[in-house]
Every structure is written in structure tokens, then in C-alpha cells.
Amino acid sequence: MSDTRKRGAILISGRGSNMVSLLQAAQHESFPVTFDLVVSDKIEAPGLSHASGVGIRTHALRSCRDGRAAWEGELHAVLGEADIDLICLAGFMRVLSADFVDRWSEQILNIHPSLLPDFPGLDAQAQALDAGVSEAGCTVHVVTAQMDAGPVLGQAVVPVQASDSVDALSARILTEEHRLYPAMVAQYAQTFWATKDAANAG
Ligand code: GAR
């Protein structure tokens, strides 16, 4: 039987623990996405060697010295060559241009370590501690041209403890990220393509 699952790419910049949770989820045949490509904007990203070690095709983008258009052109080409349907940003720390997001409209998801719309951008966990909130968490959302502001697919909440350091809070949130991201990817892929396929058939 042919594999009808959608083809996913994971974009990382570093450690890649969310990437690992997605790769593990996709080992189950019932998961609606296969991950066929991991791309990093940093050649030294530990996640990149992990991915190649488990047999996933990897690509390190060249530096963006040639300008963002060239850099995004390379990314677009690599994704196109691999026939990718869905892009999952997993600790990918570069902002994609409105033009790029438009070309992959509704096909890019992101995980962010805060309860958006609170604390977008860098160092979300430190922002939460500085703000003195009693609850923090993570959000999976569809990527739009405005950073960390696209439609929310799901969130997970964790308590903030008085003694929390940034590392302690980040670790508590990360545990939830690893559970939430694969669940939201599966749910999104199932509903998004079912709707699209139905529209195409009609
Ligand atoms: C994760 O906490 C992820 O939510 C965050 O970077 C970390 C990457 O960890 N992403 C962002 O802050 C994006 N704005 P990982 O490389 O182990 O998945």
C-alpha cells in the first residue's frame, strides 16, 4: 500500500529536542506526517547530526551573508526538491520574511515557549519570570507574517514556582512542548488536508 502521509520538514537552529519528539511520533504509521528532511541555519546545530544519525536527510543553509532573499531562495528550493507539504519550526531562531511565509501559506507551524499572545520573541521564559506570572507554558501556532502571532492550534500550561530559575522553568515547559507539538501537528495535518482534499474533490 502506498504511503499517503504528508511529507514534513523540520527546521532547527540548535539542540533539536522538539525535532526528536516529532521524529519519534512519526515512527508510528498512524501519524499523518513523515519527516523526510531536517534543515538548520547553523551547521554546528547538535540536532542536525542527530537527524543524520537516524537516517534523515539533512541540509545546513549557507550563511546569510549573501542576503535574506538568496538564503530564503535556497531554503525554498531545498523544501521544494524534497516535495515537502508541511514545515515544522522547532527551535528555529530566524524570522522568515512575509514573502516566504506567503509562499508556504498555512503550511508552516511553530512551537513557542510561552502562552501566546504573552511573551513573543526571544527569551520567552525569562520574560515570564520577569513579569511575575503564576502560570507559563507553550503554544503551537500556524506561522503568519507577524512573528508569533498566527492562529493558535493548542497550548499547554505549567505552574511557575517562586524558586524558578529560567532553566528550571524552561525544562518544565519543554516537557510539555514534547507532548504538545506532535499532537498538534497530527491534528493540523488531519484536518487541514482533509478539508483541502474535500474542496479539490468537490
Ligand atoms: C524550545 O523551547 C522552543 O520552544 C524554543 O526554542 C527551544 C528549542 O529547543 N523556540 C523559540 O523560542 C522560538 N521562538 P529544542 O531545540 O530542544 O527543540
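The values are calculated or read from the model by the stated rules, or taken from the named source; none is laboratory data. Values in this document were obtained by computation on a predicted structure and should not be read as measured data. Using ideal geometry, Cβ is built from the backbone for each residue, glycine included, and neighbour counts are taken over all protein chains shown.
Take the conditions (1) surrounded by fewer than 18 Cβ atoms within 10 Å (Cβ to Cβ); (2) within 26 Å of SER13 (Cα to Cα); (3) more than 16 Å from the ligand (Cβ to nearest atom); (4) not basic (Lys, Arg); ALA189 misses just one of them, which is (1). Residues that are near the ligand (Cβ under 10 Å from one of its atoms), in a loop (DSSP other than H, G, I, E, B), surrounded by 21 or more Cβ atoms within 10 Å (Cβ to Cβ) and hydrophobic (A, V, I, L, M, F, W, C) within the range 91-118 comprise just one, PHE92. The number of residues in the range 1-55 that are of a type in the set (Ser, Thr, Tyr), under 14 Å from the mean Cα position of the chain (by Cα) and over 19 Å from ALA186 (Cα atoms) comes to 2. Considering the range 119-162, the residues that are in a strand (DSSP E or B) and touching a residue at least 40 places away in the same chain (Cβ under 8 Å) include one that is surrounded by the most Cβ atoms within 10 Å (Cβ to Cβ), namely CYS138.
Residue under question is ASP118, and the condition is that it be acidic (Asp, Glu), in contact with a helix residue (DSSP H, G or I) (Cβ under 9 Å, 6 or more places away or on another chain), over 20 Å from LEU153 (Cβ atoms) and at pLDDT 95 or above; does it hold? Taking the combined requirement at face value, the residue does not satisfy it.
On the stretch given as the range 79-90, residues that are touching a strand residue (DSSP E or B) at 6+ places or on another chain (Cβ under 8 Å) and either part of a helix (DSSP H, G or I) or among the β-branched types (Val, Ile, Thr) (or both) total 3.
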